[in-house]
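Enquirer: My questions will all concern the structure given below.
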Amino acid sequence: MWQILIMVGILLCAIMAIRTHRLLVSAIWLAGTSALVALFLYLLGAPEIAVIELSVGAGLVTVLFVFAINISGEEAMAAHPLIPRPLAWAIITVSILLVGWLMLPGVNVAMPALPTGDLGTTLWQSRSLDVFLMAVLILAGALAMLGLLAEDKKKEVHE
């Protein structure tokens, strides 16, 4: 039950972060999304990743966003999306379906015992989902920073 409420909260915060017109308010909604993702990761049994998400996603990235917003100002920019809209909706739909499938009570994903081998074996065999999730979060953060700091490429009309 808690997982469903947290997922609804994540979706609500993410939608509000996208729909709001003020950048500072959007950064705060994004911090809320990140904090709820950290809580969800903790409940899934990945406390280390949850702490990293909370400190980096909700803490550091929010501070960087507020800093960038204060430097660049809050004026509206006509930014073009980096990812085509149909591709973005396809990724969102697949993500929601995968999370929903993993949350079904009949699906029991057995976690293997931690190997005693090297770091590569530990990361890519027993913690591969955590590593993949962190890679996705880092990529999303990098794309968000590119979107915030992208220059407007308007053609100037010479008189």
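Listed here are the residues, each with its yes/no results for (1) modelled with pLDDT under 80; (2) within 19 Å of M7 (Cα to Cα); (3) within 15 Å of the chain's Cα centre (by Cα).
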{"position": "L23", "(1), (2), (3)": "no, no, no"}
{"position": "G32", "(1), (2), (3)": "no, yes, yes"}
{"position": "G57", "(1), (2), (3)": "no, yes, yes"}
{"position": "V66", "(1), (2), (3)": "no, no, no"}
{"position": "G73", "(1), (2), (3)": "yes, no, no"}
{"position": "H80", "(1), (2), (3)": "yes, no, no"}
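Enquirer: Here's something else I'd like to know. Between a first residue in segment 26-50 that is within 12 Å of V61 (Cα to Cα) and in contact (Cβ under 8 Å) with a residue 60 or more places away in the chain and a second residue that is among the basic types (K, R) and crowded, with 18+ Cβ neighbours inside 10 Å, which pairs have beta carbons less than 7 Å apart while being 6 or more apart in sequence or on different chains?
Expert: none
Enquirer: Further question: Only one of (1) within 25 Å of A135 (Cβ to Cβ); (2) surrounded by 12 or more Cβ atoms within 10 Å (Cβ to Cβ); (3) without any contact (Cβ under 8 Å) to a residue 12 or more places away in the chain fails for I18. Which number is that?
Expert: Failing condition for I18: (2).
Enquirer: Among I4, I92, I10, which is surrounded by 12 or more Cβ atoms within 10 Å (Cβ to Cβ) and touching a residue at least 12 places away in the same chain (Cβ under 8 Å)?
Expert: I10
Enquirer: Which of (1) within 18 Å of V136 (Cβ to Cβ); (2) among the hydroxyl-bearing types (S, T, Y); (3) buried (at least 17 other Cβ atoms within 10 Å of the Cβ) does T62 not meet, given it meets every other one?
Expert: For T62, the failing item is (1).
Enquirer: Let me ask something else. Which of the numbered conditions does E75 fail, given that it passes all the others? Conditions: (1) surrounded by 13 or more Cβ atoms within 10 Å (Cβ to Cβ); (2) among the charged types (D, E, K, R); (3) more than 18 Å from A135 (Cβ to Cβ).
Expert: Failed condition: (1).
The values are calculated or read from the model by the stated rules, or taken from the named source; none is laboratory data. Fair warning: this is a prediction, and the values are worked out from it, not measured in the lab. Neighbour counts are summed over all protein chains in view; Cβ atoms, including those assigned to glycine, are modelled from backbone coordinates with ideal geometry.
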